[in-house]
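**Student:** Could you have a look at this structure, given as structure tokens, before my questions?
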Amino acid sequence: MGVSEYPDEVRTHTALHILKGAVVRVLGEGAMWTASVYAEGRHGRLTVQFDRKPTDEEVRAIEELANAKVAEDLRIEVKVLPREVAERTYGNVIYDLFPVPQHIKELYIVIVYDKDGSIWNINACNKQHLPSARYIGRIKVGKVRFRQTKKLLEIPFDIEP
Ligand SMILES: [Zn+2]
């Protein structure tokens, strides 16, 4: 299947997982908590907790790294696991800033594998995803915004084509 054969929102949403991996690699573990995600059409926005505004060079490095991973066509797998198994196996890295409600006992664990078999990104997420990263196309990161009072870094992006 070509890039255009998947719905834009699935492509944009999947890009969030690839981008998040790049954000953590470039900015460090201090950026590991996702506060919110947004995807509509080919536009998305990843918001993470962070303590400062990244430099232009860092933003460019995030974009380049994310696109390198798209080009490497990282594989994406979804595992449905009992919550306690997922937590025991992977730890709290599967979670975002705002907790999954306690009554949810089964999780969809989305794993993006790096080329060497290690985990590029992992997240409990029940949305639809691409089978691999190349179908995303290209990720174009926009102007980031850092909200000092809330310690939130907003990273908007578009996918092309
Ligand atoms: Zn997802």
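**Student:** So what's segment 1-95 giving for Cα Rg divided by 2.2 N^0.38 Å, two decimals? Intermediate results must be reported in sequence, preceding the final value.
**Tutor:** Details: Rg = 14.6 Å, N = 95, 2.2 N^0.38 = 12.4 Å.
In units of the 2.2 N^0.38 Å rule of thumb, it is 1.18.
**Student:** Taking H as built 1.01 Å from N, whose amide H comes closer than 5 Å to the amide H of ARG138, not counting residues under 5 places away?
**Tutor:** GLU160
**Student:** In Å, the Kirkwood hydrodynamic radius of segment 57-127 over pairs of distinct alpha carbons? Write down the numbers at each step before the final one.
**Tutor:** Values: mean 1/r = 0.0744 Å⁻¹.
Result for segment 57-127, one decimal place: 13.4 Å.
**Student:** May I have the convex hull volume per residue, in Å³, for the Cα set of segment 3-160?
**Tutor:** Values: hull volume 16.8 nm³, N = 158.
Considering the Cα atoms of segment 3-160, their hull volume per residue is 106 Å³.
**Student:** Follow-up question, since we're still on this one. Taking the alpha-carbon distance from LYS140 and a cut-off under 13 Å, which aspartates and glutamates remain once sequence neighbours fewer than 8 residues away in the same chain are dropped?
**Tutor:** Within reach: GLU63, GLU64, ASP158, GLU160.
**Student:** Now for a different question. In a Gaussian network model over the chain where Cα atoms closer than 10 Å are linked, find which of VAL80, VAL110, VAL48 has the largest mean-square fluctuation.
**Tutor:** VAL80
**Student:** Sticking with this one: Counting only other residues whose beta carbon sits under 15 Å from that of VAL141, what net charge do I get with K and R as +1, D and E as -1? It would help to have the intermediate numbers written out before the result.
**Tutor:** Working: positive: LYS20, ARG25, ARG42, ARG45, LYS53, ARG60, LYS69, ARG138, LYS140, LYS143, ARG145; negative: ASP56, GLU57, GLU58, GLU63, GLU64, GLU154, ASP158, GLU160.
With Lys, Arg at +1 and Asp, Glu at -1, the net is +3.
**Student:** In the structure displayed, which of LYS79/LYS105; LYS20/LYS143; LYS69/LYS143; LYS115/LYS151 lie more than 24 Å apart, Cα to Cα? Mind dumping the intermediate values first?
**Tutor:** On the way: LYS79/LYS105 14 Å; LYS20/LYS143 16 Å; LYS69/LYS143 21 Å; LYS115/LYS151 32 Å.
Among LYS79/LYS105; LYS20/LYS143; LYS69/LYS143; LYS115/LYS151, the Cα-Cα distance tops 24 Å for LYS115/LYS151.
Any read-out appearing in this document is the output of simple, stated calculations on the displayed coordinates, not a laboratory observation. The structure presented is a predicted model; accordingly, all values stated were derived computationally and were not measured. When we count neighbours, we look across all protein chains shown, and the Cβ atoms used for this are built from the backbone with ideal geometry, even at glycine.
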